[in-house]
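Have a look at the structure below, then the notes.
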Amino acid sequence: MSVDDTPCGLKSSDPMPLKRTPTATTTGRKTSRKSAAADSANRSRTRPQQTDASDRTSPSTAADSVSESTTLEALNARFLESLIGYNARRAALSIIGGFMERMAMYDLKPVEFSVLSLVLHNPGITSRQLCAALNILPPNLVGLVQSLVKRGLIVRMPHPHDGRAIGLHPTPEGAALMTKAEKTVTESELEKTQRLTAPERDTLLRLLQKIYL
């Protein structure tokens, strides 16, 4: 038979290719890999779910919190509580917090509210009078008034009796804003002082004003 007559162009003298059969060693390796993978999957399924550390409160932490709370309750603050300034400050902080929350809708800070209230109820009030009434330094009041003028809440007009002075007047927008703001503040203070009776509230106001007026 010629070269061309042999299958696939092989010469008659060439050895036929041998089919490789898997050995016992190769089969064992594959079986070991499959067993290891199966064991790993089983361990993953049976491993208990871990809890985030933030969700666990150790007994020692809880005990520390209770101990700290007890210590704070046992603090002796009798001297501080005997001071008018300390008590006035604590009461003011409680009330001013509600004030700031309610005035956010009007974009008014406490000093702006005070200035606008005086201007609303005293049209033509001068800067000097505002400084004396609110204990504000003149340089600080200048920028404050300018800001309120830019917002269209007050206007400057010549004083009718003093040609050298300028009076401050509320605009219609400023008057409308302050009417709502004063109503809101009244509601807020009544809420914060609800433990006081009406006569007690009046007495408290009278006594506080005796200090600074």
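Read-outs throughout are calculated quantities, based only on the coordinates presented, and are distinct from any laboratory measurement. Bear in mind that the values here come from a model prediction, so they are computed numbers and not experimental data. Reconstructed Cβ throughout: ideal geometry from the backbone, glycine too, with neighbour counts over all protein chains shown.
Volume per residue, Å³, of the convex hull around the alpha-carbon atoms of the range 77-121? Present the calculation step by step, with values, prior to reporting the outcome.
On the way: hull volume 3.5 nm³, N = 45.
Normalising the Cα hull of the range 77-121 by residue number yields 78 Å³.
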Using mean Cβ contacts within 10 Å as the protection proxy, how do 114-124, 176-186 order, highest first?
-> 114-124, 176-186
Any chance you could tell me what percent of the C-alpha pair distances in the range 107-192 go past 20 Å?
-> 32 percent
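Step through the table entries 183/210; 150/210; 109/210, compare each Cα-Cα distance with 27 Å, and write down the pairs that go over it. Walk me through the numbers before you get to the answer.
Working: 183/210 25 Å; 150/210 36 Å; 109/210 25 Å.
Result: 150/210 exceed 27 Å.
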